[in-house]
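Single-structure report; data block below.
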Amino acid sequence: MDDATRVSAPIARERARVQAPEGPYAALTIHREANTKPDRLRELVTALNESGWTFVFPVHPRTRKVMDEHGIEPAPSLHPIEPVGYLEMLALVAGSARVVTDSGGLQKEAYWLRIPCITLRSSTEWVDTVLAGANTLAEPAEVKTALENARFPDDAPQLYGNGHAAEGIADALYSLTRA
């Protein structure tokens, strides 16, 4: 993933067409089943609406269905857009001031892009990003404070590879063919 992020980010910045507002915004994704239960989703959207932040929100089909069926309305500062592809999402994240997500993969991409992340879950697979101070776990009542306080640490350690795994694998395979 680090390799893909490293290689694709410049391409995404150059080619991807994303619907991002002027000024600082947070890239938002909500798609996990636990967060798309109607009461939980309503609580999250309310917290996001009240945070004072502007969000770009590619809405997952499951999330859209629950929002539509239960009348969950985003505030004008929460800009719902159609789902986007990998390069568009990477460009959206790379241009954001914050990432707010329940996605495991997006937490890591935010880390590699040095974007502070707020994870809308009580736990994460990527505990090292939290320990490094780059990712904050937040329940709905904590979202506003998490957004205000989120910073990417200057001394963040290299995590989850160095972005050059493909070259190492190719070198190892090449060395086997010479033997």
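Observations on the model:
- Scan the stretch 119-144 for residues that are open to solvent by 30 Å² or more (accessible area, probe 1.4 Å) and over 22 Å from His31 (Cα atoms) and the total you get is 3.
- Residue match in the stretch 65-73 (condition: open to solvent by 40 Å² or more (accessible area, probe 1.4 Å), modelled with pLDDT of 95 or more and not in a helix (DSSP H, G or I)): yes
- Of the residues Ser96, Ser175, Ser77, the single one that is among the polar types (S, T, N, Q) and farther than 16 Å from Phe55 by Cα is Ser175.
- Identity of the residue in the stretch 73-108, among the hydroxyl-bearing types (Ser, Thr, Tyr) and over 19 Å from Glu139 (Cβ atoms), that ends up farthest from the chain's Cα centre (by Cα): Ser77
- Only one of Gly95, Gly23, Gly85 that is at pLDDT below 95 and surrounded by 13 or more Cβ atoms within 10 Å (Cβ to Cβ): Gly95
- Among the residues of the stretch 29-44, those that are in contact with a Leu (Cβ under 7 Å, 6 or more places away or on another chain) and not in a loop (DSSP other than H, G, I, E, B) comprise Asn35, Leu44.
- Whenever a residue of the stretch 52-73 is among the acidic types (Asp, Glu), its partners that are at pLDDT 95 or above and open to solvent by 10 Å² or more (accessible area, probe 1.4 Å), lying with C-beta atoms within less than 8 angstrom and at least six residues away or across chains, give the pairs Glu69/Pro38.
- The residues of the stretch 56-74 that are more than 22 Å from Thr124 (Cα to Cα) and of a type outside the set (D, E, K, R), listed by number, are Val56, Pro61, Val66, Met67, His70, Gly71, Ile72, Pro74.
- When the stretch 45-64 is filtered for residues that are part of a loop (DSSP other than H, G, I, E, B) and either surrounded by 15 or more Cβ atoms within 10 Å (Cβ to Cβ) or not acidic (Asp, Glu) (or both), the ones remaining, listed by number, are Ser51, Gly52, Trp53, Thr54, Val59, His60.
- The listed residue being modelled with pLDDT of 95 or more and not acidic (Asp, Glu), out of Thr145, Thr124, Thr129: Thr145
- Of the numbered criteria (1) free of Cβ contacts under 8 Å to residues at least 24 places away in the same chain; (2) of a type in the set (A, V, I, L, M, F, W, C); (3) buried (at least 18 other Cβ atoms within 10 Å of the Cβ), the one Leu106 fails is (1).
The values are calculated or read from the model by the stated rules, or taken from the named source; none is laboratory data. Quick caveat: nothing in here was measured; it's all calculated off a predicted structure. Reconstructed Cβ throughout: ideal geometry from the backbone, glycine too, with neighbour counts over all protein chains shown. Surface areas here come from the heavy atoms of the whole protein model, side chains and all, with no ligands, DNA or RNA. Shrake-Rupley method; radii C 1.70, N 1.55, O 1.52, S 1.80 Å.
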